[in-house]
Ligand SMILES: Nc1nc2c(ncn2[C@@H]2O[C@H](COP(=O)(O)OP(=O)(O)OP(=O)(O)O)[C@@H](O)[C@H]2O)c(=O)[nH]1
């Protein structure tokens, strides 16, 4: 059994681009992945086997071995935390599996909104935070200023923080030593009943679901009957081990303080929810670990295959992706404009983009995505409450008493010269000012309550463009508020295009409608007849543009009888047609559906 005093469980937290991955790579590179004793055992055979199978796996937790200056070998478990607000719950569970956190701050940029958000999360979980100043090789680095900033703003002792370059490896050794001396060792009770926290799980075609966990108390090994306390799922452990040297390495048992994986015959990722507590069925622990929460999607949109014949492929692809992503939700839906597709739920826009990209790249699918929207609560006059995820399902206005929309508490870090511009932006997005803290003379933290719907589209881009890249954002959901919302419909040649409908605040309906019409006018090619494009709220038309008629004769330019050239052009035109959607008698290019969602700022 591994001596707990020789274990360090930690993660690295940072604002995006401050060098988290680079430091992790460097740490892994500078340490070994097996202890001297293990080197001689049969582990290598297992690794060979996995290599033959050709599995390359990215793990959420890597075990490495560091021989410290005190001559002892330490086992480091480096737990990866997702770096985006969309995955805040996963982040919080990963932190709960650690005893300490390395805080990486860019010596040229200093503290940013996510640095603070991450530090507070880490402190909430009682982690010891070890500041590290990175990128000191940059000419613009100001390590002294950043040290002061960390001490003044966060209140963390930072004068002996390692000043490193993760890129060149300079002083990274110091970080390794401080992990040993400053991050506390775990102190679980090995003899107590099993209590382990699931902080991630992945699906593997050979092993089934692989559960990553931190054992708080007790022990678990092959044959243990385990019980997941929140989902109620019970099964027998097939294998336990840890991830190191790019491989899953089985071991005899996992004991208190250790981080590793468990496999059993688990087919469904839904049975092993992040945040759940694993215990021993025969000898259960008295109570589950705190903080379990089932994460629900926050942003919904329709995903349709560009080529209707690919519907089955899209369904199979979504099914596969969901095996590895329990927070992805989908159900079939149909649209008059787009045919058969799926209504999908995501944790946030980044999550949506990742899934969309994977579907397109890994599964070779061309997709049409409808406007992403949040979940609205519709209170009907008959007392019924609907959670609305698809604008098309909005009941008739006469049946609606009122509606509510989700709100977020947002913190925006910005240099003082851009405060005005950012406050304007928040105002335009219906933000409620909550306050402002000055970080130091040049920077402030603005606090706003904003409707989630207003920030899911292009808020982040607008923030960056209005602050020349200097603003950073962090937000968390803070409940629902009553709001004057309407459904905006788009009519092309008098026909409603259901896939373009969305919910907006009554005050911005006119503006959004006008912009949509203008944009669509540019996107829809001229056809043989005039096409009116209208925006409507209920039966009221609030904006209109017209695509003028034109005869599109692709052969006009072909004089004479070069038939092969003519054929080519006709082929090309046919190709173009495939990417069109027939709505009534008008063809709408596929890209029009996406581009209207990206309405320009201002
Ligand atoms: N000059 C210099 N560049 C560095 C150093 N460390 C990291 N970088 C660069 O900074 C950029 C961001 O580094 P990453 O390690 O990807 O940052 P991250 O925090 O993991 O970013 P995300 O993965 O996007 O969250 C990369 O281009 C790195 O090469 C350093 O010490 N010096």
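Using the alpha-carbon centroid of each, what span in Å lies between segment 458-507 and segment 102-145?
32 Å
Calculate how steeply helix 311-323 sits against the longest principal axis of the alpha-carbon atoms of the chain, using the helix alpha-carbon long axis, and give the answer as 0 to 90 degrees to the nearest 10.
20 degrees
If each of residue 539 and residue 268 carries a label point 7 Å out from its Cα toward its Cβ, how far apart are those two points in nm?
Rounded to a tenth, the inter-label distance reads 4.8 nm.
Can you figure out the FRET efficiency of residue 72 with residue 465, using R₀ = 45 Å and their beta-carbon distance, to the nearest 0.05?
FRET efficiency, residue 72 to residue 465: 0.30.
Mind checking Rg over Rh on segment 193-278, alpha carbons, Kirkwood formula for Rh?
Using Cα coordinates only, the ratio equals 0.91.
Please compute, over every Cα-Cα pair in segment 375-482, the percentage with a separation greater than 24 angstrom.
Details: 2037 of 5778 pairs.
So the pairs more than 24 Å apart make up 35 percent of the total in segment 375-482.
Binning at 5 Å from 0, report for segment 239-392 what percent of all alpha-carbon pair distances ends up in each bin.
2, 7, 13, 15, 14, 13, 11, 10, 8, 5, 2, 1, 0
If segment 94-240 were replaced by its equivalent ellipsoid, with semi-axes equal to the square roots of 5 times the Cα gyration tensor eigenvalues, what would those be, largest first, whole Å?
They are 38, 16, 15 Å, listed largest first.
Taking only DSSP H segments of four or more residues, each worth -39500 (n - 2.57), what value at 222 nm results for the chain once the sum is divided by all its residues, to the nearest 500 deg cm²/dmol?
Calculated from helices alone, the mean residue ellipticity at 222 nm is -7500 deg cm²/dmol.
Can you give me the convex hull volume of the Cα atoms of segment 297-369, divided per residue and expressed in Å³?
Dividing the Cα hull volume of segment 297-369 by its residue count gives 73 Å³.
Which length gain, in nm to one decimal place, applies between residue 286 and residue 353 when the Cα-Cα distance is subtracted from 0.36 nm times their residue separation? Don't skip to the end; give the middle numbers.
On the way: separation 67, 0.36 × 67 = 24.12 nm, distance 4.13 nm.
Roughly 20.0 nm would be gained on extension.
Using only the alpha-carbon atoms, how far is helix 506-523 inclined from the longest principal axis of the chain? Give it as 0 to 90 degrees, nearest 10.
70 degrees
Mind checking the log10 I(q)/I(0) for the chain at q = 0.10 Å⁻¹? Debye, one equal scatterer per Cα, no solvent, two decimals.
-1.00
Compute the Kirkwood hydrodynamic radius of segment 441-512, taking the inverse of the mean of 1/r over all pairs of distinct Cα atoms, and give it in Å to one decimal.
Result for segment 441-512 stands at 15.0 Å.
For residue 191 paired with residue 140, estimate the spin-label separation in nm (one decimal), with each label point 7 Å from Cα along the Cα-to-Cβ line.
Output for this residue pair reads 5.9 nm.
Stretch residue 515-residue 295 to full length: gain in nm at 0.36 nm per residue minus the Cα-Cα span?
The residue 515-residue 295 span can extend by a further 75.8 nm.
To test your reading of the geometry: what angle, between 0 and 90 degrees and rounded to tens, separates the Cα axis of helix 113-124 from the longest principal axis of the chain?
For helix 113-124, the angle is close to 40 degrees.
Bear in mind that the values in this text are calculations on the coordinates, not laboratory data. As the structure is a prediction and not an experimental result, all values here were calculated from the model. FYI the Cβ positions are ideal-geometry reconstructions off the backbone, even for glycines, and counts take in every protein chain you see.
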